[in-house]
Ligand SMILES: [Zn+2]
């Protein structure tokens, strides 16, 4: 197994050439092409293929054909960014932590049924779903075991259904290994601001965003939330933010319309599940988080959070673009050429 993908064991081709030599066949390419293979060697080869094929079946069944998890260097990079910066932005409140983790865990549990080819259960069980104290409206994953839901987004949500839509979208990016499909190359020694900058310049594509929405709808519906309510998040945010559409994103009303039609084909779980929190508890938790504010002045971890590309709105806000400029590496010094 490589990269989490099941690999069919290859046949013993090298051994067959050695077998040819043992039977006195010439090893030159010319001779091999000129001499017809005797019938018994063809049967022998076919027997070997069948033998290995049958031997591989129980191995695959025993080990289970696991869906891929993010590559180790991406998980390590995300952990370094969390431990060195982003952990300090996570809300310190047991009830809120438990609530966000429970929503994340429900999305992760739904993945096994909704998208088995992308659901690596052991990896998904290790993912932490955090509420971070940032006024930006966003949800983001750094490609390892951390999903960040921003308080600015939580405060904009009117129901758990809207919040769960954003959580499912972030998990969908993670399950599709979207970060690994960009040009990003994690380096263990890279300074953290430079790591954060890598996320700025390696944005997900529009196709990845649309696929994340499609997969998120499957996870969301399988998780027990009402599919028809997924689009409400984007309808509400359009009313709050309006306008700004990046060239690699679509306007929120179009996104909401696509989600409304996807809701019709969403899975229908056999058992109706209630939201994690009832509406009254949701409002109470949201009000508690409303008392928590970003620190005044420049906090580096908060600049990182703000700079990450927006995954929920149709473009980055002015504050986000300012944070991205703060992270932009200085240009290399201009080398003066001495006149010869
Ligand atoms: Zn996204």
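The values are calculated or read from the model by the stated rules, or taken from the named source; none is laboratory data. Please read these numbers as outputs of a predicted model, since none were measured by experiment. Here the Cβ positions follow ideal geometry from the backbone for every residue, glycine too, while neighbour counts run over all protein chains shown.
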Scan of the range 290-300 for residues that are at pLDDT 95 or above and loosely packed, with under 11 Cβ neighbours inside 10 Å, ordered by number: 291
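Which residue out of 329, 275, 333, 309 is surrounded by fewer than 11 Cβ atoms within 10 Å (Cβ to Cβ) and either within 19 Å of residue 217 (Cβ to Cβ) or in contact (Cβ under 8 Å) with a residue 24 or more places away in the chain (or both)?
Working: 275 fails: surrounded by fewer than 11 Cβ atoms within 10 Å (Cβ to Cβ); 333 fails: either within 19 Å of residue 217 (Cβ to Cβ) or in contact (Cβ under 8 Å) with a residue 24 or more places away in the chain (or both); 309 fails: surrounded by fewer than 11 Cβ atoms within 10 Å (Cβ to Cβ).
Just one listed residue meets the conditions, 329.
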Could you tell me whether any residue of the range 172-180 is touching a helix residue (DSSP H, G or I) at 6+ places or on another chain (Cβ under 6 Å), under 24 Å from residue 292 (Cβ atoms), within 16 Å of the ligand (Cβ to nearest atom) and not in a loop (DSSP other than H, G, I, E, B)? no
Evaluate the range 155-167: report whether one residue or more is over 21 Å from residue 249 (Cβ atoms), surrounded by fewer than 24 Cβ atoms within 10 Å (Cβ to Cβ) and within 16 Å of the ligand (Cβ to nearest atom). no
Among the residues of the range 204-211, are any in a helix (DSSP H, G or I), away from the ligand (no atom under 12 Å from the Cβ) and at negative phi? no
Given the residues 314, 261, 284, which is the only one that is within 21 Å of residue 162 (Cα to Cα) and outside any helix (DSSP H, G or I)? 314
Working carefully through the options 136, 142, 89, find the one that is at pLDDT 95 or above and under 13 Å from the mean Cα position of the chain (by Cα). 142
Hey, residue 337 at pLDDT below 95, more than 16 Å from the ligand (Cβ to nearest atom) and in a helix (DSSP H, G or I) or not: no
Go through the range 247-289 and give me each residue that's over 30 Å from residue 205 (Cα atoms), out of contact with any helix residue (DSSP H, G or I) (no Cβ under 7 Å at 6 or more places or on another chain) and at pLDDT 95 or above. 278, 279, 280, 281, 283, 284, 287
Please work out if residue 269 is buried (at least 17 other Cβ atoms within 10 Å of the Cβ), more than 16 Å from the ligand (Cβ to nearest atom) and in a loop (DSSP other than H, G, I, E, B). no
Hey, any hits in the range 289-311 for a residue that's more than 16 Å from the ligand (Cβ to nearest atom), over 25 Å from the mean Cα position of the chain (by Cα) and assigned to a helix (DSSP H, G or I)? yes
Within the range 182-201, which residues are within 15 Å of the ligand (Cβ to nearest atom) and in contact with a helix residue (DSSP H, G or I) (Cβ under 7 Å, 6 or more places away or on another chain)? 200
Is there any pair linking a residue in the range 75-90 that is in the same structural domain as residue 174 (by TED's automatic domain parsing) to one that is surrounded by fewer than 19 Cβ atoms within 10 Å (Cβ to Cβ) and part of a helix (DSSP H, G or I), with Cβ under 8 Å and at least six apart or on different chains, and which? 80/192; 81/192; 84/192; 85/192; 85/300; 90/97
Might you let me know whether the range 113-136 holds any residue that is away from the ligand (no atom under 15 Å from the Cβ), part of a loop (DSSP other than H, G, I, E, B), in the same structural domain as residue 76 (by TED's automatic domain parsing) and touching a strand residue (DSSP E or B) at 6+ places or on another chain (Cβ under 7 Å)? yes
Tell me yes or no: at least one residue of the range 181-196 is more than 24 Å from residue 302 (Cα to Cα) and assigned to a helix (DSSP H, G or I). yes
